[in-house]
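Comments concern the structure below.
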């Protein structure tokens, strides 16, 4: 009986921490680290502020854990991605399709990244494994240049940054861009987003090819 109670408490603790992280993610996406309020997180997670501070020693710790949780899957995909499968253009398109699909499903990430640059000057961005997303793109660009199928004049780092900008801007600026699509408040709906993704991929691949 005692063992059952311990297991139950452990499960309750894990569930509570998950609910707090979920609430924190939404709050950071709305207000960033500086504007986020633990009171609102507590309401959303159906717990007390004291409970948040019991599990997480500071708002900054909570913020870093939210970032790590959101980016961990992307980092795993990037680190395990085979950049040599298919032609350089096929590999690059396949990788970017994965990234852009994740950005649609992981809607809070672009907004949190926007606040990170404005409020924190990239302090926490630097601490996490964000470079893992750019490195495969740079490697595929260098491979394409070496094989003579990508433009020889492109700088792989700057081009990787520009490519990620093309992938991120639509999701990051969705609330502004929604006004350009009358009667479509959610421009991340699958039908519209698929059109955007195909257009962006075509632009990127055409831009780097010889």
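Quick grid of which residues meet (1) touching a strand residue (DSSP E or B) at 6+ places or on another chain (Cβ under 8 Å); (2) surrounded by fewer than 19 Cβ atoms within 10 Å (Cβ to Cβ); (3) without any contact (Cβ under 8 Å) to a residue 24 or more places away in the chain:
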{"site": "73", "(1), (2), (3)": "no, yes, no"}
{"site": "120", "(1), (2), (3)": "no, yes, no"}
{"site": "132", "(1), (2), (3)": "no, yes, no"}
{"site": "142", "(1), (2), (3)": "no, yes, yes"}
{"site": "147", "(1), (2), (3)": "no, yes, no"}
{"site": "155", "(1), (2), (3)": "no, yes, yes"}
{"site": "160", "(1), (2), (3)": "no, no, no"}
Residue among 210, 162 that is closer than 19 Å to residue 144 by Cβ and at pLDDT 95 or above: 162
Looking at the stretch 78-116, which of the residues that are free of Cβ contacts under 8 Å to residues at least 24 places away in the same chain and in a helix (DSSP H, G or I) is nearest to residue 28 (Cα to Cα)? 105
Determine, yes or no, whether residue 31 is outside the structural domain of residue 108 (by TED's automatic domain parsing) and free of Cβ contacts under 8 Å to residues at least 12 places away in the same chain. no
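What about residue 155, is it out of contact with any helix residue (DSSP H, G or I) (no Cβ under 8 Å at 6 or more places or on another chain) and farther than 30 Å from residue 33 by Cβ?
Numbers: out of contact with any helix residue (DSSP H, G or I) (no Cβ under 8 Å at 6 or more places or on another chain): yes; farther than 30 Å from residue 33 by Cβ: yes.
So residue 155 fits the description; yes.
Kindly indicate whether any position in the stretch 122-130 is modelled with pLDDT of 95 or more, in contact with a helix residue (DSSP H, G or I) (Cβ under 9 Å, 6 or more places away or on another chain) and not in a helix (DSSP H, G or I). I'd like the intermediate steps shown before the answer.
In the first step, residues of the stretch 122-130 are kept if they are modelled with pLDDT of 95 or more; the result is none.
No, the stretch 122-130 contains no residue that is modelled with pLDDT of 95 or more, in contact with a helix residue (DSSP H, G or I) (Cβ under 9 Å, 6 or more places away or on another chain) and not in a helix (DSSP H, G or I).
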Checked the stretch 135-176 for anything closer than 30 Å to residue 190 by Cα and either in a loop (DSSP other than H, G, I, E, B) or outside the structural domain of residue 86 (by TED's automatic domain parsing) (or both); matches are 173
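Look at residue 35 and say whether it is modelled with pLDDT of 95 or more and either exposed (fewer than 12 other Cβ atoms within 10 Å of the Cβ) or within 22 Å of the chain's Cα centre (by Cα) (or both). Before the answer, list the steps.
Values: modelled with pLDDT of 95 or more: yes; either exposed (fewer than 12 other Cβ atoms within 10 Å of the Cβ) or within 22 Å of the chain's Cα centre (by Cα) (or both): yes.
Yes; evaluated as a whole, the condition is true for this residue.
The values are calculated or read from the model by the stated rules, or taken from the named source; none is laboratory data. Everything quoted here is computed from the prediction, not taken from an experiment. In this analysis, Cβ positions are derived from the backbone assuming ideal geometry, glycine residues included, and neighbour counts consider all displayed protein chains.
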